[in-house]
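For reference, the structure is listed below as structure tokens.
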Amino acid sequence: MTPDLPEYFFRTRENGAFVYRVDTENRQRRIDMDQIAVVNIRNGEIKPHGGRELSQADMAAIRAWMEERSALLARRQIDDILRTVDHLNQTAHWAQSKASDEDLEAITDALLLAMHDLRTVLVRKKADRLMRGR
């Protein structure tokens with residue numbers, strides 16, 4: 001295997017990945033990718049593909065990828081929420097300084113309902129945390 005290519009390739013999908021073993025050790029020196037498993041991050045399931053038996057090295061690589069991927073997705077989720085805070089701030093500025101009456105009429109009800117729903121959830125969750133802290 002060339003040092004530039006990883007031993008495994010993970011084709012990500014919404015809830016996990018298809019796992020391929022990367023092989024360049026063939027007569028044509030071309031890259032072959034052989035699917036060895038399907039991974040579901042949500043439930044931790046690892047299914048060998050095509051009746052294969054996964055080696056301990058395969059399982060270790062897959063589990064390591066699953067841990068890294070879960071951590072990455074968690075960081076992205078927090079980043080998305082912080083971006084939402086930025087968007088809310090930009091929306092407030094837009095509403096105050098640039099929006100026309102027609103613009104505001106088009107978005108006000110939907111935005112107010114979404115913000116009310118979010119506020120209700122956040123207040124309830126904060127109260128729950130405070131009560132558990134006692």
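For every residue, the table says whether it meets (1) surrounded by fewer than 10 Cβ atoms within 10 Å (Cβ to Cβ); (2) aromatic (Phe, Trp, Tyr); (3) outside the structural domain of Val22 (by TED's automatic domain parsing); (4) touching a residue at least 60 places away in the same chain (Cβ under 8 Å).
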{"site": "Ile46", "(1), (2), (3), (4)": "no, no, no, no"}
{"site": "Glu53", "(1), (2), (3), (4)": "yes, no, no, no"}
{"site": "Ala57", "(1), (2), (3), (4)": "no, no, no, no"}
{"site": "Trp94", "(1), (2), (3), (4)": "no, yes, no, no"}
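Since Arg52 meets every condition but one in (1) under 15 Å from Tyr8 (Cα atoms); (2) at pLDDT below 95, which condition does it not meet?
Among (1) under 15 Å from Tyr8 (Cα atoms); (2) at pLDDT below 95, the lone unmet condition for Arg52 is (1).
Could we say that Ile36 is touching a His at 6+ places or on another chain (Cβ under 8 Å) and either β-branched (Val, Ile, Thr) or not in a strand (DSSP E or B) (or both) here?
Values: touching a His at 6+ places or on another chain (Cβ under 8 Å): yes; either β-branched (Val, Ile, Thr) or not in a strand (DSSP E or B) (or both): yes.
Taking the combined requirement at face value, the residue satisfies it.
Being β-branched (Val, Ile, Thr) and surrounded by fewer than 11 Cβ atoms within 10 Å (Cβ to Cβ) is the filter; apply it to the range 60-88 and report the residue that is nearest to the chain's Cα centre (by Cα).
Of the range 60-88, the ones β-branched (Val, Ile, Thr) are 62, 78, 81, 84-85.
Keeping just the survivors that are surrounded by fewer than 11 Cβ atoms within 10 Å (Cβ to Cβ) gives 78, 81, 85.
Values: Ile78: 10, Ile81: 13, Val85: 19 Å.
So, considering only residues that are β-branched (Val, Ile, Thr) and surrounded by fewer than 11 Cβ atoms within 10 Å (Cβ to Cβ), the one nearest to the chain's Cα centre (by Cα) is Ile78.
Could you run through the range 1-33 and say how many residues are more than 22 Å from the chain's Cα centre (by Cα) and assigned to a strand (DSSP E or B)?
5
Could you tell me which numbered condition Val123 fails, if it satisfies all but one of (1) assigned by TED's automatic domain parsing to the domain that holds Glu14; (2) hydrophobic (A, V, I, L, M, F, W, C); (3) in a helix (DSSP H, G or I)?
(1)
Among the residues of the range 12-35, is there at least one that is closer than 30 Å to Leu113 by Cα, of a type in the set (Val, Ile, Thr), outside the structural domain of Leu118 (by TED's automatic domain parsing) and surrounded by 13 or more Cβ atoms within 10 Å (Cβ to Cβ)?
no
With (1) in a helix (DSSP H, G or I); (2) surrounded by 10 or more Cβ atoms within 10 Å (Cβ to Cβ); (3) hydrophobic (A, V, I, L, M, F, W, C) as the list, and Ala99 as the residue in question, which single condition is left unmet?
The number of the failed condition is (1).
Would you say Ala57 is in a helix (DSSP H, G or I), at pLDDT 95 or above, small (Gly, Ala, Ser) and more than 23 Å from the chain's Cα centre (by Cα)?
Considered against the rule, which asks whether it is in a helix (DSSP H, G or I), at pLDDT 95 or above, small (Gly, Ala, Ser) and more than 23 Å from the chain's Cα centre (by Cα), Ala57 comes out as yes.
The values are calculated or read from the model by the stated rules, or taken from the named source; none is laboratory data. Nothing here was measured: the structure is a model prediction, and the numbers come from that model. As a convention, Cβ positions derive from the backbone with ideal geometry for all residues, glycine included, and neighbour counts pool all protein chains shown.
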